[in-house]
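Since the structure comes first, as structure tokens, the remarks are kept for the end.
Quick note: the coordinates plus some simple rules give every number you see, no bench work behind them. In this text, all values refer to a predicted model and were calculated from it rather than measured experimentally. Methodologically, a virtual Cβ is constructed for each residue, glycine included, from the backbone with ideal geometry; neighbour enumeration extends over all protein chains shown.
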Amino acid sequence: MRTAVVPVEEIFALRWAVLRTGMPRETAVYPEDSRGDTFHIAVYDDAGAVKGCVTFFPDPLPGDTALAYRFRGMGSSPEVRGQGFGAAALNAGLREAAARGAALGWCNGRVSATGFYEHLGFTATGEEFSIQPSGPHYVFVTKDLDR
């Protein structure tokens, strides 16, 4: 397993396939993709195929003044779920965010992924809310960026 900071084109097919299954291609394009301060992480299997991905960009956590990087579009191929590809993408992104000066990382994460985020040291904050078409979410936050 290998991670790298890559252009969005490197991770887009996986993002679209696993996070916007059956939806039009444009639903997997994020407004942040074209920002100069956004970065994308790819996780490759031993054959060199992208099996995990995540996108990070500076975005203040509401109510906090620390430099924060938000992430979204995190996913892994169904055939490798539970094998550490998602955690590898997230941890590589948090390290890169820390190198860029971030004090914390956060996301709007699906309620169904609570165990994953908590296992990686994130805390759910605030009330549950819904994002369509994905469903119920929490804000997950961590200050542990050097992993």
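Report the one residue of Tyr69, Thr123, Ala28 whose Cα lies farthest in the direction of the positive end of the charge dipole of region 2-142 (charges on C-beta: Lys and Arg +1, Asp and Glu -1; origin at the Cα centre).
Ala28
With the cut-off at 1.5 for a/c, could you classify region 76-147 from its C-alpha gyration tensor as rounded, prolate or oblate?
Taking the square roots of the gyration eigenvalues as a ≥ b ≥ c, region 76-147 is oblate.
Loop-only check: which trypsin sites (Lys or Arg not before Pro) in region 6-55 are DSSP coil with at most 15 other Cβ within 10 angstrom?
Working: sites: Arg15, Arg20, Arg25, Arg35, Lys51; in loops: Arg20, Arg35.
In loop regions of region 6-55 (DSSP not H, G, I, E or B), the sparsely surrounded trypsin sites (Lys or Arg not before Pro) are Arg35.
Rounded to the nearest 0.05, what FRET efficiency do Leu120 and Asp45 have when you use their Cβ-Cβ distance and R0 = 25 Å? Working shown, then result.
On the way: r = 21 Å, r/R0 = 0.82.
Efficiency at R0 = 25 Å is approximately 0.75.
Taking every pair of distinct Cα atoms and averaging 1/r, then inverting, what Kirkwood hydrodynamic radius in Å comes out for the chain? All intermediate terms of the calculation are to be shown ahead of the outcome.
Values: mean 1/r = 0.0652 Å⁻¹.
With all distinct Cα pairs of the chain included, I get 15.3 Å.
With Cβ to Cβ distances under 14 Å as the rule, what net charge do the other residues near Glu79 carry (K, R +1; D, E -1)? If you can, show how the numbers build up before the last one.
Values: positive: Lys51, Arg81; negative: Asp45, Asp46.
Local charge sum for Glu79: 0.
If I take every Cα pair under 8 Å that is 6 or more residues apart in the chain, average their sequence separation and divide by the length, what percent do I get for the relative contact order? Before the final figure, lay out the partial values.
Details: 275 pairs, mean separation 28.5, N = 147.
In percent, rounded to a whole number, it is 19.
Within region 88-118, report the trypsin sites (Lys or Arg not before Pro) that DSSP leaves as loop and that have at most 15 other Cβ atoms within 10 Å. Please list the in-between numbers first.
Numbers: sites: Arg95, Arg100, Arg110; in loops: Arg100.
Passing sites in region 88-118 are Arg100.
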